[in-house]
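Some notes on the structure that comes next.
The numbers here are math on the coordinates, done by the rules we state, and not lab data. Quick caveat, the model's predicted, so the values are computed rather than measured. Here the Cβ positions follow ideal geometry from the backbone for every residue, glycine too, while neighbour counts run over all protein chains shown.
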Amino acid sequence: MKAELQQRMNEEWLALEAALAGLSDARMLEAGVVGVWSVKDLLGHMAYWAHEAAKNTELVKAGRQDRIVRPDTAKALDRWNAREQRLRAGRPLAEVRYELEESHQRALAALADLPEERLSLNLDGGTFLELYALDTHDHYREHTDHILAWRKRLGDT
C-alpha cells in the first residue's frame, strides 16, 4: 500500500512538472487558470496542502491524530484557501515554486517513516491514506488538469 502511494506521488509530481514545462514566469503569473487564480497561486495552494499532509503524517506517526485540524465546511475550506493565497500573493514565483518542491519532499519523507498500518487508521470521514492522497497526489492531479486545460484554452500546449 505504501509503495503504491509513493509511486503515485512520484507519477503525479512528474505530470505536474510536465504541465509546467515551457511556461514562462510571466505566464505563470496570469490570472484565470482556476477562477482568478494564476499558476503561481495554484502552486502555493498545493504547497500549503502538501505541508499539511506532512504535518498530519507526523501527528499520525506520533499517535496524535486527534490533533489533526481540517476545515469542517466548504465555506471554511474556501476561507483557508483564500487565506493561504493572500499569504503568498506578494511572494516571488521562485519562492513559491521552492515551497512546493520542499513541501512535496517533506510529505514524501514523512510518509517514508510512517508505519504502513497507520495508513489504514480511521479518521472522521475516512482513512489517513485517503486524507494524505487528497492533500498530495490527488491534489496535484486536480490542478495539473486545470493547468493543462488552461494552456489548451490559450493555445499554449
Q: Just the Kirkwood number for segment 1-90, please: inverse of mean 1/r across all distinct Cα pairs, in Å, one decimal.
A: 15.2
(Q) For segment 19-85 and segment 98-154, what is the centre-to-centre distance using only Cα atoms, to the nearest Å? (A) 10
**Q.** Rh by Kirkwood over Cα pairs, then Stokes-Einstein D for the chain at 1.567 mPa s and 4 °C, µm²/s
**A.** 80
Q: For helix 74-88, report the angle its Cα long axis makes with the longest principal axis of the Cα atoms of the chain; keep it between 0 and 90° and round to the nearest 10°.
A: 60
Q | Cβ-based exposure ranking for E4, E12, E142, in which fewest neighbours within 10 Å come first | A | E4, E142, E12
Q: Give the relative contact order (percent, whole number) for segment 1-108; include only Cα pairs under 8 Å separated by 6+ residues.
A: 36
Q | Amide N of segment 126-157 lying under 18 Å from the label point, which is placed 7 angstrom from the Cα of R27 along Cα→Cβ | A | 143-157
Q: Past 20 Å, Cα to Cα, is the threshold; run K40/K61; K55/K75; K2/K61 against it and keep the listed order.
A: K40/K61; K55/K75
Q. Using 7 Å Cα-to-Cβ label points, what is the T127/E142 separation (nm, one decimal)?
A. 2.0
Q | Cα centre as origin, Lys/Arg/Asp/Glu Cβ charges: the chain dipole, Debye | A | 440
Q) Nearest 0.05, what FRET efficiency do A74 and V36 give at R0 = 22 Å with Cβ-Cβ as r? A) 0.75
Q: Would you list which aspartates and glutamates come within 15 Å of K152, measuring only between C-alpha atoms, while excluding same-chain residues fewer than 8 positions from it?
A: E30
Q: Using 0.36 nm per residue of separation minus the Cα-Cα distance, give me the extension gain between E58 and L154 in nm, one decimal.
A: 30.5 nm
